[in-house]
Amino acid sequence: DEAKMKKGLEIFNEKAACAACHILKAAGSEGNIGPNLDTVDGLTQASVIDIVTYGLGVMPAFGEDEILTEEEIVIVSFYVANSVGK
Amino acid sequence: MSKNKSKLNLNRRNFLTGTATLAGIAATASVVPITIANANHSEGTKGLPDFINWKDRDALIVHSDKGIETHRSAIGESLITPNRNVYIRNNMPTMTDTQIGKRNDWKVSIEGVKNPKTFTLGQLKKLGHTTMASILQCSGNGRGFFEHKVRGSQWKTGAAACVMWTGVPLMAVIDACGGINRDAVFMTSSGVDHEPTGLDPKKAMVERSVPKQVYQDAMLAWEMNGVPLPNAHGGPLRMVTPGYFGINNVKHLGKVAFTTKESSVKYMKSSYRISPIGKKGSQYPSCWEMPVKSWITRPTDETGITRAGKVQIVGVAMGGTRKVRSVKVSVDGGKSWKKAKFIGPDLGKYAWRQFVLETTLSTGRYNIASLASNGPDKQPELRMENRRGYAHNGWKDHSVNVTVV
């Protein structure tokens with residue numbers, strides 16, 4: 001799991017650039033386009049996988065548009081779900 | 001850190017900005033540090049984000065810092081929803097005072113008219129003046145009742161408000177521009193709140209087309225419930241499209257154009273489309289007219305213990321683009337209905353009406369529902385299933401279970 005968290009943070013900051021648009025205290029990110037991830041209620045790994053895959057509003061569909069692989073989406077979603085509120 | 005940030009901006013540009021316009025936007029994106037976008041969005045002192053720290057925390061359900069719902073019982077028992085209780089749903093970060101500048105100098109351009117013009121807010125104030133009540137309701141209000149795990153804020157009843165707007169009738173602005181072009185089919189309103197983000201306008205600009213005739217009752221509003229339109233609600237100027245879902249009431253308004261085609265931005269073309277579950281696309285209807293709808297605001301589990309005896313069942317009912325005509329209330333889950341009484345002033349067809357049914361309840365468990373009609377249309381029992389959980393007006397899901405002791 002530690003390796004997954006490390007890899008997840010890397011995807012969060014770099015390949016997916018989640019950090020550019022979202023606040024997540026654990027990642028030190030300060031983006032303010034989408035919601036502050038620490039404040040999203042009911043956030044789970046499954047809900048993150050869903051939204052990262054299909055996008056929402058201005059958020060790209062990272063899965064459908066093949067920006068990330070399925071495996072990367074699972075890892076970054078694991079990272080986010082296990083980092084919120086920390 | 002600075003190395004990280006430049007990498008982030010580079011990545012963000014790759015995904016969110018179109019390459020064709022990159023030359024113009026790249027400069028903006030790289031010089032807009034993310035911390036500036038974040039400036040109005042740090043955490044406030046009472047569990048609300050700083051930019052709406054003036055709101056009433058107790059009246060609100062926080063789904064996220066950009067999706068904040070009004071409690072069922074807090075939408076305003078005297079018809080108008082107080083600003084401090086009004087829900088928040090932002091597609092783009094709320095603009096700051098610095099980004100907005102002097103409010104009277106805010107500019108809006110009018111196109112697709114005989115003489116296209118740009119007006120400042122100060123100039124608009126000289127063109128006309130009106131006040132109108134209309135309902136602001138997120139297209140996804142009621143999404144929280146759908147069962148197919150819909151993405152987006154899980155609103156129940158509280159992504160809605162009845163607001164008194166003050167501004168200029170759009171008609172007066174059109175007159176000052178010599179009238180609408182004859183070939184126009186749509187009225188297209190554009191926000192500018194994406195500009196400080198440096199994102200590609202095709203993906204980030206909130207630009208919404210509605211049928212042209214909406215201009216007849218539309219207004220450009222600078223006041224909300226008697227105070228200057230708060231930035232969080234689109235200040236200093238927003239479009240008001242009465243009877244149409246919230247998204248069409250474009251915030252931070254920069255342009256109104258009468259166009260032959262619908263806008264091609266993402267927020268028009270692919271977002272806010274009412275499609276079957278598992279399907280999507282611009283061939284499906286856009287979130288435009290709101291359907292007839294009502295819901296109970298009291299008693300609910302939120303409002304405390306309900307004692308046996310005389311009970312006032314209170315709620316709101318709206319007709320959408322028509323006047324609401326009647327509302328019935330059931331205390332037995334829809335088996336039998338009684339006509340409720342409209343109370344309070346009638347603020348016009350675009351406002352909701354309050355209703356009350358006085359009844360006597362003995363101890364027990366009750367399912368209390370309301371069913372509104374605007375004449376031709378009444379609320380269906382069940383929701384219209386759709387992919388994104390839009391436009392829910394089924395009475396069953398909106399009912400409340402109340403224990404009377």
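The values are calculated or read from the model by the stated rules, or taken from the named source; none is laboratory data. Note that the coordinates shown come from a computational prediction; the quantities given were computed from them, not determined experimentally. Here Cβ is always computed from backbone atoms with ideal geometry, including for glycine, and neighbour counts include all displayed protein chains. Surface accessibility is based on the protein's heavy atoms, side chains included, excluding ligands, DNA and RNA. Shrake-Rupley method; radii C 1.70, N 1.55, O 1.52, S 1.80 Å.
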| task | Quickly run through region B:208-225 and pick out the residues that are open to solvent by less than 20 Å² (accessible area, probe 1.4 Å) and assigned to a loop (DSSP other than H, G, I, E, B). | result | B:218
| Of all residues in region A:60-80, how many are open to solvent by 30 Å² or more (accessible area, probe 1.4 Å) and either out of contact with any helix residue (DSSP H, G or I) (no Cβ under 7 Å at 6 or more places or on another chain) or of a type in the set (Gly, Ala, Ser) (or both)? | 5
| query | Can you name every residue in region B:81-109 that is under 27 Å from residue A:25 (Cβ atoms) and open to solvent by 50 Å² or more (accessible area, probe 1.4 Å)? | reply | B:89, B:97, B:98, B:99
| field | Qualifying positions in region B:113-122 - touching an Asp or Glu at 6+ places or on another chain (Cβ under 8 Å) and surrounded by 20 or more Cβ atoms within 10 Å (Cβ to Cβ) | value | B:121
| task | Considering (1) under 11 Å from the mean Cα position of the chain (by Cα); (2) buried (at least 19 other Cβ atoms within 10 Å of the Cβ), say which one residue A:83 fails and leave the rest. | result | (2)
| residue A:55 being crowded, with 19+ Cβ neighbours inside 10 Å and facing chain B (nearest Cβ under 10 Å) | yes
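Taking region A:27-48, which residues are more than 10 Å from chain B (Cβ to nearest Cβ) and open to solvent by 50 Å² or more (accessible area, probe 1.4 Å)?
Restricting attention to region A:27-48, the residues satisfying the condition of being more than 10 Å from chain B (Cβ to nearest Cβ) are A:27, A:44-45, A:48.
The answer is A:44, A:45.
Can you find even one residue in region B:147-158 that is among the hydrophobic types (A, V, I, L, M, F, W, C), surrounded by fewer than 24 Cβ atoms within 10 Å (Cβ to Cβ) and over 13 Å from residue B:253 (Cα atoms)? I'd like the intermediate steps shown before the answer.
Within region B:147-158, the subset among the hydrophobic types (A, V, I, L, M, F, W, C) is B:150, B:155.
If we keep only those that are surrounded by fewer than 24 Cβ atoms within 10 Å (Cβ to Cβ) too, we end up with B:150.
Okay, now just the ones that are also over 13 Å from residue B:253 (Cα atoms), so B:150.
Yes, there is a match, as at least one residue in region B:147-158 is among the hydrophobic types (A, V, I, L, M, F, W, C), surrounded by fewer than 24 Cβ atoms within 10 Å (Cβ to Cβ) and over 13 Å from residue B:253 (Cα atoms).
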| task | Please work out if residue A:13 is within 7 Å of chain B (Cβ to nearest Cβ) and not basic (Lys, Arg). | result | yes
| Breaking point among (1) part of a strand (DSSP E or B); (2) open to solvent by less than 10 Å² (accessible area, probe 1.4 Å), for residue B:166 | (2)
| Of (1) touching a strand residue (DSSP E or B) at 6+ places or on another chain (Cβ under 8 Å); (2) crowded, with 17+ Cβ neighbours inside 10 Å; (3) touching a residue at least 60 places away in the same chain (Cβ under 8 Å), residue B:403 satisfies all except one. Which? | (2)
| said: Anything in region A:20-49 that is under 16 Å from residue A:9 (Cα atoms) and acidic (Asp, Glu)? List them, or say none. | reply: A:30, A:38
| request: Among the numbered conditions (1) away from chain A (no Cβ under 14 Å); (2) in contact (Cβ under 8 Å) with a residue 24 or more places away in the chain; (3) open to solvent by 10 Å² or more (accessible area, probe 1.4 Å); (4) not in a helix (DSSP H, G or I), tell me where residue B:125 comes up short. | output: (4)
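This table checks each residue for (1) of a type in the set (A, V, I, L, M); (2) surrounded by 21 or more Cβ atoms within 10 Å (Cβ to Cβ); (3) more than 23 Å from residue B:355 (Cα to Cα).
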position: B:242; (1), (2), (3): no, yes, no
position: B:245; (1), (2), (3): no, yes, no
position: B:278; (1), (2), (3): no, no, yes
position: B:288; (1), (2), (3): no, yes, yes
position: B:303; (1), (2), (3): no, no, no
| said: If I filter region A:17-26 down to residues being assigned to a helix (DSSP H, G or I) and at the interface with another protein chain (Cβ under 9 Å from one of its Cβ atoms), which single residue comes out as nearest to the chain's Cα centre (by Cα)? | reply: A:19
| request: Tell me, yes or no, whether region B:178-187 has at least one residue that is surrounded by fewer than 19 Cβ atoms within 10 Å (Cβ to Cβ), without any contact (Cβ under 8 Å) to a residue 60 or more places away in the chain and either closer than 22 Å to residue B:113 by Cα or acidic (Asp, Glu) (or both). | output: yes
| note | Of (1) closer than 19 Å to residue B:169 by Cβ; (2) under 16 Å from the mean Cα position of the chain (by Cα); (3) open to solvent by 10 Å² or more (accessible area, probe 1.4 Å), residue B:229 satisfies every one except (3)
| request: Could you give me the residue pairs with C-beta distances under 6 Å whose first residue belongs to region B:348-374 and is closer than 22 Å to residue B:225 by Cβ and assigned by TED's automatic domain parsing to the domain that holds residue B:398, whose second residue is open to solvent by 30 Å² or more (accessible area, probe 1.4 Å) and among the hydrophobic types (A, V, I, L, M, F, W, C) wherever it lies, and which are 6+ apart or on separate chains? | output: B:353/B:342; B:354/B:343; B:355/B:342
| task | Within region B:341-367, work out how many residues are out of contact with any Asp or Glu (no Cβ under 9 Å at 6 or more places or on another chain) and within 14 Å of residue B:294 (Cβ to Cβ). | result | 7
| message | Can you tell me which condition residue B:78 does not meet? The list is (1) buried (at least 17 other Cβ atoms within 10 Å of the Cβ); (2) closer than 22 Å to residue B:294 by Cα; (3) more than 14 Å from every other protein chain (Cβ to nearest Cβ), and all the others hold. | response | (1)
| query | Do you know which residues across region B:201-216 are in contact with a strand residue (DSSP E or B) (Cβ under 7 Å, 6 or more places away or on another chain) and either within 14 Å of chain A (Cβ to nearest Cβ) or under 12 Å from residue B:286 (Cβ atoms) (or both)? | reply | B:205, B:206, B:207, B:208, B:209, B:210, B:211
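For region B:78-95, enumerate the residues that are hydrophobic (A, V, I, L, M, F, W, C) and not in a loop (DSSP other than H, G, I, E, B). Spell out how you get there, then give the answer.
At the first step, the residues of region B:78-95 found to be hydrophobic (A, V, I, L, M, F, W, C) are B:79-80, B:86, B:88, B:92, B:95.
Passing the criteria: only B:88.
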| Failed condition for residue A:68, given (1) at the interface with chain B (Cβ under 9 Å from one of its Cβ atoms); (2) not in a helix (DSSP H, G or I); (3) not small (Gly, Ala, Ser), with all others met? | (1)
